Amino acid sequence: DIPVITIDGPTASGKGTLADEVGKALGFGVLDSGALYRVTGLAARRAGLDLDDGAAVAALVPTLQLSFRDGHVFLGDEDVSARLRAEATGLLASQVAAHAPVREALHQLQLDFRRLPGLVADGRDMGTAIFPDAALKVFLTASAATRAERRYKQLISKGISANIKGLREDLEARDERDKNRSASPLTPAQDAQLLDNSALTIEASVAQVLDWWQK
Ligand code: CDP
């Protein structure tokens, strides 16, 4: 059995950073499932599809020439990594992610990331829908204010201008949509460990997850 650790939670809760660090510490691969929804949203927009048409967006998924190299995502020959991180792409992602057919179209692709010696998977439904048999499930939260501030610093550090109030409104809107959709709504798995990292450093969060893993 290939071990899996799932890290689910709302936007900007620090899932990606935590997953990368835990993956590094254990030598496991990392699945950033949000990137798959982001690239689907981006490709659907570029193809001129109606993002409310779940069947049309789902039909696009098998035609995407996706590849993952050194933490970068390629669509055909184009490195779309930077474009995927944009807030606007996050909104496209949450729109296409609301459709069950789109989620089904991306299901197998996510399972394919499960390789030896193990996987850390981050997203919204890793512990509930994709890897229900995961050995450790973490549900990561942080206050909306903390998350808006983190997202703000992340963007500024990349030279992207941002405003905290706008970011907080965007992330609360996205949380609402992710929690209230009928397809895989954001909710902790029954057997998830809850971790509120509002007041924790990255190191402390990583240490907590590794501690749970060792038990
Ligand atoms: O980093 P952030 O949490 O802002 O975004 P993300 O994890 O890249 O996810 C972007 C959007 O994709 C989310 O708002 C969700 O609507 C959707 N998503 C999902 O539905 N299921 C996943 N496993 C991952 C992302």
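The values are calculated or read from the model by the stated rules, or taken from the named source; none is laboratory data. What you see is a predicted model, and the numbers here were worked out from it, not measured in a lab. Cβ sites come from the backbone with ideal geometry, for glycine too, and all protein chains shown count toward neighbours. For accessibility, only protein heavy atoms count, side chains too; no ligands or nucleic acids. Shrake-Rupley method; radii C 1.70, N 1.55, O 1.52, S 1.80 Å.
Values as computed for the structure displayed
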| read-out | value |
| --- | --- |
| Ala162 being more than 10 Å from the ligand (Cβ to nearest atom), among the small types (Gly, Ala, Ser), farther than 21 Å from Val96 by Cα and outside any helix (DSSP H, G or I) | yes |
| Close pairs (8 angstrom Cβ cut-off, 6 or more residues apart or separate chains): aromatic (Phe, Trp, Tyr) in the range 16-45, assigned to a helix (DSSP H, G or I) anywhere | Phe28/Val22; Tyr37/Ala93; Tyr37/Ser94; Tyr37/Val96; Tyr37/Ala97; Tyr37/Val102; Tyr37/Leu106 |
| The range 104-138 - residue that is open to solvent by 20 Å² or more (accessible area, probe 1.4 Å) and either touching a Lys or Arg at 6+ places or on another chain (Cβ under 7 Å) or basic (Lys, Arg) (or both) and, of those, nearest to the ligand (Cβ to nearest atom) | Arg124 |
| Close pairs (8 angstrom Cβ cut-off, 6 or more residues apart or separate chains): among the β-branched types (Val, Ile, Thr) in the range 162-185, at pLDDT 90 or above anywhere | Ile164/Ala148; Ile164/Glu149; Ile164/Tyr152 |
| Single residue of Arg181, Arg168, Arg151, Arg177 found to be within 11 Å of the ligand (Cβ to nearest atom) and open to solvent by 50 Å² or more (accessible area, probe 1.4 Å) | Arg177 |
| Considering residues of the range 72-86 that are open to solvent by less than 50 Å² (accessible area, probe 1.4 Å) and more than 10 Å from the ligand (Cβ to nearest atom) only, the residue nearest to Gly29 (Cα to Cα) | Val73 |
| Residue, farthest from Phe74 (Cα to Cα), within the range 2-59, restricted to residues that are more than 10 Å from the ligand (Cβ to nearest atom) and among the basic types (Lys, Arg) | Lys24 |
| Restricting the range 87-97 to residues that are open to solvent by 30 Å² or more (accessible area, probe 1.4 Å) and either touching a residue at least 12 places away in the same chain (Cβ under 8 Å) or in contact with a Gly (Cβ under 6 Å, 6 or more places away or on another chain) (or both), the residue that is farthest from Asn163 (Cα to Cα) | Gln95 |
| Any hit, the range 190-211, residues being in contact with a Pro (Cβ under 7 Å, 6 or more places away or on another chain), under 28 Å from Thr40 (Cβ atoms) and surrounded by 14 or more Cβ atoms within 10 Å (Cβ to Cβ) | no |
